[in-house]
Amino acid sequence: MKQISLFLFILILIGSQSCSKNEETQDQLDQRLIQQYLQANDITNASSTASGLHYIIHEQGTGEKPTVNSKVAFFYVGKLLGGLVFDSSDSLAIKVNELIPGFQEGIPLINESGKITLIVPSTLGYGSRETSLIPANSILIFDVELLEILPD
């Protein structure tokens, strides 16, 4: 009986470790793929945050900086790492905190009239959820122009 209990304990321990390793593995995979993308495209001016978001500020802008609670109007084009455009908008007006975490972190980095490219690891995008054109665990690239901060 003790052998069965020990065996079950080892199986549970191995199972719990493999689950946590899968999350770390996805983060590591995302970061490796982002680094490969940057190198392959000779992008040397990208910065990154502690969460793993990579960004390139093309124009800082001259107006105010939004916060995560701001309502903003912006243009964007969303692409997969391979270049497939999955979405775009001529002008979207929305609160920053209603967007994916990568936008919540990235949009406040620029001022009104600023332009930024966000390279969003899957954990700051849609994660393991699949949408119509976005496969699960996809790294996303957004070219964003912040038009203005809107009144609430």
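The values are calculated or read from the model by the stated rules, or taken from the named source; none is laboratory data. Everything quoted here is computed from the prediction, not taken from an experiment. Cβ: placed from backbone, ideal geometry, glycine included. Neighbour counts: every protein chain shown.
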Quiz item: Which of the residues spanning segment 122-152 are on the phi < 0 side of the Ramachandran plot and polar (S, T, N, Q)?
Solution: Ser122, Thr123, Ser128, Thr131, Ser132, Ser138
Quiz item: Which residue out of Leu6, Leu29 is modelled with pLDDT of 60 or more and farther than 25 Å from Gly114 by Cβ?
Solution: Leu29
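Please note which strands (runs of 3 or more DSSP E) are completely contained in segment 35-104 and include at least 3 residues that are touching an Asp or Glu at 6+ places or on another chain (Cβ under 7 Å), at positive phi and loosely packed, with under 14 Cβ neighbours inside 10 Å.
Values: elements: 54-59, 71-80, 85-95.
Because the criterion is at least 3 residues that are touching an Asp or Glu at 6+ places or on another chain (Cβ under 7 Å), at positive phi and loosely packed, with under 14 Cβ neighbours inside 10 Å, no strands (runs of 3 or more DSSP E) in segment 35-104 meet it.
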Exercise. Could you check how many residues of segment 130-152 are within 19 Å of Gly82 (Cβ to Cβ) and of a type outside the set (Asp, Glu)?
Key: 12
Self-check item: Hey, Leu133 modelled with pLDDT under 95 and in a strand (DSSP E or B) or not
Solution: no
